[in-house]
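The values are calculated or read from the model by the stated rules, or taken from the named source; none is laboratory data. Given the structure is predicted, the values throughout are model-derived calculations rather than measurements. With ideal geometry, Cβ positions are generated from the backbone for all residues, glycine too; neighbour counts draw on all protein chains shown. Just the protein is used for accessible areas: all its heavy atoms, side chains included, with ligands, DNA and RNA removed. Shrake-Rupley method; radii C 1.70, N 1.55, O 1.52, S 1.80 Å.
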Amino acid sequence: MRAARAASQKDDVLTFFRQTAGLADLEPHLIATTYCGQVFRERRSSGSNDSIYAAVYGAGSWGGLSLRVGGFYAWQEFDVSRTVVFPNFSDHTEASYNGWTAQAFGELGYQINPGDAVTLEPFLGGSVMRLHMDGFREEGGAAALVGNSRNHDLETMTLGVSYSGQFGARALANAVKGNFTWRFQTR
């Protein structure tokens, strides 16, 4: 019963992913989440950063055509406390603010087999990423800082070819894999 329920839940996840992606034969190869917490102390300042990450990756192939897609999202919370001291001045400031990072990418390739032991795959890929930081206003006196909300965007395209091959006698066969790529920023 437990195995049937687990298989049913897996099928539900796959069905949801297929409907969300809109590609009938695309299978998820990775769904991951994690949490990371950090604390830092330097001189008279301290702070913490809590982050939650989520990622999904899927791939499918139809004959020689391959499609690989994925996405990543991270949410961060920052808490910072500073003590500013110099001759005839002392102040303590605190701030809390949030940020997030999102990325989506895709790659389309077509596999060619020019020989028995060689495989080539020309491919074209693209990615978009946005880093967002909320604005902040430190609480404190004259040393309190103000930071504006900011977005940083990056869009790239990748053009290349992957190769793999084997050489040598079957008993001592060696494999070679690699790729040549050209990545450029589009914006």
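For this structure, a couple of remarks:
- Residues of the stretch 82-120 that turn out to be modelled with pLDDT of 95 or more and under 30 Å from Gly63 (Cα atoms), as a count: 8
- Residue satisfying all of: in the stretch 35-50; in a strand (DSSP E or B) and charged (D, E, K, R); modelled with the highest pLDDT among these: Asp50
- Within the stretch 139-157, the residues that satisfy the criterion of being in a strand (DSSP E or B), without any contact (Cβ under 8 Å) to a residue 24 or more places away in the chain and closer than 30 Å to Gln185 by Cα are Arg150, Asn151, His152.
- So Val128, is it open to solvent by 30 Å² or more (accessible area, probe 1.4 Å), over 15 Å from the mean Cα position of the chain (by Cα) and either closer than 30 Å to Asn174 by Cα or not small (Gly, Ala, Ser) (or both): no
- Matching residues in the stretch 103-128 - criterion: being out of contact with any Phe, Trp or Tyr (no Cβ under 9 Å at 6 or more places or on another chain) and closer than 11 Å to Ser66 by Cα: Gly106, Gln111, Leu124
- Within the stretch 137-187, being within 30 Å of His92 (Cα to Cα) and open to solvent by less than 60 Å² (accessible area, probe 1.4 Å) holds for Glu138, Gly140, Gly141, Ala143, Ala144, Gly147.
- Scanning the stretch 46-92 for residues that are surrounded by 14 or more Cβ atoms within 10 Å (Cβ to Cβ) and closer than 14 Å to Ala143 by Cβ yields Val80, Ser81, Arg82, Thr83, Val84, Asp91, His92.
- Scope the stretch 93-119; condition more than 23 Å from the chain's Cα centre (by Cα), open to solvent by less than 60 Å² (accessible area, probe 1.4 Å) and hydrophobic (A, V, I, L, M, F, W, C); matching residues: Ala95, Ala117
- Filter result for Tyr57 (of a type in the set (Ser, Thr, Tyr), in contact with a Pro (Cβ under 9 Å, 6 or more places away or on another chain) and not in a loop (DSSP other than H, G, I, E, B)): yes
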